[in-house]
Amino acid sequence: MFDVFFSMERRRLWGDLIVAFQYLKGAYKQEGEWLFMRVDSDGTRRNGFKLRQGRFRLDIRRKFFTQRVVTHWNRLPKEAVDAPSLEAFKARLDVAPGSLDWWLATLRIDFFKALGRVKQIHDDVKILLRTNQQRAGLEIMEQMALLQETSYERLYRWTQNECRTLTQESCDISPVLAQAMEALQDRPVLYKYTLDEFGTARRSAVVRGFIDALTRGGLGGTPRPIEMHSHDPLRYVGDMLAWLHQATASEKEHLEAILKLVTIEGVEENIQEVVGHITEGVCRPLKVRIEQVIVAEPGAVLLYKISNLLKFYHHTISAIVGNSAATLLTTIEEMHLLSKKIFFNSLSLHASKLMDKVELPPPDLGPSSALNQTLNLLREVLASHDSSVVPLDARQADFVQVLSCVLDPLLQMCTMSASNLGTADMATFMVNSLYMMKTTLALFEFTDKRLEMLQFQIEAHLDTLINEQASYVLTRAGLSYIYNSVQQHKPEQGPLSNLPSLDSMSLKVAMAQFDRYLSAPDSLLMSQLNFLLSATVKEQIIKQSTELVCRAYSEIYAAVMDPSNKYKDPETILHRSPHQVQALLS
């Protein structure tokens with residue numbers, strides 16, 4: 001209705017100005033000299049060719065052509081009035097600043113002023129109802145109410161038609177449309193219907209824009225169609241979500257522009273509700289495409305990255321529009337859970353394959369190839385986890401689940417793989433494997449508990465290696481039998497020197513062999529120690545095993561020096577004190 005009114009008003013105003021130009025400066029200039037009166041002053045502003053407005057007691061005279069055109073002519077810019085010909089005047093009439101379109105906007109502003117005046121009269125006339133003029137007051141109130149309803153109906157029809165034209169991907173919200181919504185807020189039903197109309201128009205625009213972005217790309221092919229990146233799952237999903245994020249933010253801005261003058265309560269809720277309706281249309285094509293990517297199982301790492309990407313955009317979009325865009329957010333959350341489920345299924349499948357075929361430890365007792373491959377997979381997953389922008393609490397919950405899904409089967413695999421090895425070989429293999437797990441986890445956050453557990457297991461196997469190394473040295477240095485006999489000796493067995501192989505001569509032979517060890521301690525190292533991946537761990541084993549050797553020597557020294565064991569000249573048997581031995585070995 002408004003569009004029809006303004007198009008008719010435009011045509012009439014256009015015709016009046018063209019006829020006026022003909023009478024004032026064109027073919028009918030002679031007749032125009034007595035039809036119009038020019039302003040004599042040279043100080044006229046704007047176009048320098050102003051006409052005088054007549055004064056009349058009857059309003060009907062103001063409707064005459066010679067009077068109604070005066071105001072519009074006087075407001076024309078100078079470049080339009082000074083046109084040398086009628087054709088030039090017509091051309092300048094549309095392009096000149098402040099010309100025809102400006103006056104049409106003025107007419108629209110006048111409509112809202114008139115509507116406001118009618119409302120004011122309707123409210124003011126209530127005063128008459130308190131006087132003796134109640135009949136007049138009721139008549140005026142009835143007329144104003146009728147005018148209001150008619151105006152609101154026409155305004156609603158115009159606003160409805162305006163909203164239906166907003167079907168382009170990018171739309172400009174005119175100030176008049178914002179004024180119309182401000183006026184319609186007094187009629188909640190019309191206000192709601194108009195928002196629904198706007199949402200429907202924008203929904204079709206967003207769906208069409210999304211399909212175009214997928215299949216056609218931007219103008220001139222830039223950016224390229226999103227479908228062209230379907231071979232790259234992460235970019236494909238990321239581009240679709242980024243487009244949706246931008247579109248959601250833009251639609252919210254459009255709604256904020258159209259409702260910026262509305263003052264009733266619940267505007268924010270209205271915006272969120274309409275944005276939810278607008279974005280609902282893209283949910284189906286988005287879901288189909290992301291499902292195809294996820295179900296194709298592009299790999300555990302990519303699935304985890306896609307899961308984190310979906311979680312991030314769910315958080316970001318909900319921060320823009322709240323939780324009202326339920327369908328879109330539900331779709332993204334469903335895809336997040338699906339990708340997460342398939343990701344963990346992939347990890348579980350990988351873990352089950354590890355247990356199905358347990359590899360024997362390699363000859364160098366280092367980590368097996370299966371362990372290295374799994375740790376590389378875990379490292380990639382954790383790296384993508386650290387770089388994700390998902391909220392901290394959600395990341396930590398996922399992290400714990402990932403570690404449990406990978407590390408527990410790995411530990412079980414290593415234990416089964418080493419079960420048939422000797423004590424020292426098994427401890428060396430487990431220390432190397434646990435050390436690799438620890439160094440992998442140490443680079444990432446949320447691993448403190450797991451690192452403590454791994455360190456505890458490493459220390460348990462280190463104790464085994466320390467004892468094995470000490471036993472190895474004592475055996476090779478000839479002190480193992482003597483040390484065991486001293487530990488097991490009881491006073492009722494008599495003097496220690498009377499026991500087999502513990503006489504003075506046997507001890508001197510053993511001490512000569514021990515002296516050779518003292519001169520070159522590194523010569524008595526288990527071969528397994530050379531296979532350790534960590535030099536620090538190796539040094540720790542050597543140091544602590546040496547302390548055990550010194551402690552064993554101290555016990556032997558104390559027993560030999562004990563008079564009850566009846567060794568003659570014990571100083572000649574053990575000519576080095578425990579402190580001297582400790583100094584040599586340190």
### Query
Excluding same-chain residues fewer than 8 positions from K119, which aspartates and glutamates have a Cα within less than 19 Å of its Cα?
D110, E139, E142, E149, E153, E182, D186
### Query
On average, how much accessible surface per residue is there in the chain, in Å², for a 1.4 Å probe, leaving out ligands, DNA and RNA?
53
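Express the relative contact order of the chain as a whole percentage, based on alpha carbon pairs under 8 Å and six or more residues apart in sequence.
Details: 590 pairs, mean separation 45.7, N = 586.
Answer for the chain is 8 percent.
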### Task
Work through the residues other than I271 whose Cβ is under 14 Å from its Cβ and net out their charges, Lys, Arg +1 and Asp, Glu -1.
-4
### Summary
Helix 188-215: inclination vs the chain longest Cα principal axis, degrees, rounded to 10, gives 60
### Message
Given points 7 Å out from each Cα along the Cα-Cβ axis, report the R117 to H489 separation in nanometres with one decimal.
### Response
12.6
### Task
With Rg and Dmax of the Cα atoms in Å defined as stated, name the option among (1) 32.4, 105; (2) 22.5, 71; (3) 47.1, 156 computed from the structure displayed.
(3)
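Using a 1.4 angstrom probe with every protein chain in place, what is the largest-first accessible-area order of F514, F312?
Numbers: F514 5, F312 60 Å².
Sorted by accessible area, descending: F312, F514.
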### Summary
Amide H proximity to R38 below 5 Å, modelled H, separation 5+ or other chain, gives R52
### Query
Accessible area, 1.4 Å probe, largest first: how do E459, E297 sort?
E297, E459
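Given an 8 Å cut-off on Cα distances and at least 6 residues of separation, report the relative contact order of segment 249-393 as a percent.
Details: 112 pairs, mean separation 43.3, N = 145.
RCO, segment 249-393: 30 percent.
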### Theoretical gain in end-to-end length, L35 to T536 [0.36 nm per residue, Cα-Cα removed]
169.3 nm
### Query
Between their Cα atoms, which of K311/K449; K29/K90; K490/K543; K449/K538; K252/K287 are more than 29 Å away from each other?
K490/K543
### Query
Counting only protein heavy atoms and using a 1.4 Å probe, what share of the accessible area of the chain belongs to carbon plus sulfur, as a whole percent?
53
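Counting helices only, and only those DSSP H runs with n ≥ 4, report the 222 nm mean residue ellipticity of the chain as the sum of -39,500 (n - 2.57) divided by its residues, in deg cm²/dmol to the nearest 500.
Details: 23 runs with 411 residues, N = 586.
After summing the helix terms and dividing by the residues of the chain, the value is -23500 deg cm²/dmol.
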### Task
Could you tell me how many degrees, from 0 to 90 and to the nearest 10, lie between the Cα long axis of helix 535-561 and the main elongation axis, the longest principal axis, of the Cα atoms of the chain?
30
### Query
Quick one: Karplus J couplings for segment 486-491, per residue in order, coefficients 6.51, -1.76, 1.60, θ = phi - 60°, nearest Hz, x for Gly and Pro?
4, 5, 8, 5, 10, x
### Summary
Extend 7 Å from the Cα of D186 along its Cα-to-C-beta direction; within segment 122-156, residues with backbone N under 15 Å of that point are 122-126, 141-156
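The values are calculated or read from the model by the stated rules, or taken from the named source; none is laboratory data. These numbers were taken from a predicted model, which means no experiment stands behind them. Don't worry about glycine lacking a Cβ; one is built from the backbone with ideal geometry, like all the others, and counts go over all protein chains shown. For the accessible areas, the whole protein counts, side chains as well, though only heavy atoms, and no ligand, DNA or RNA atoms are used. Shrake-Rupley method; radii C 1.70, N 1.55, O 1.52, S 1.80 Å.
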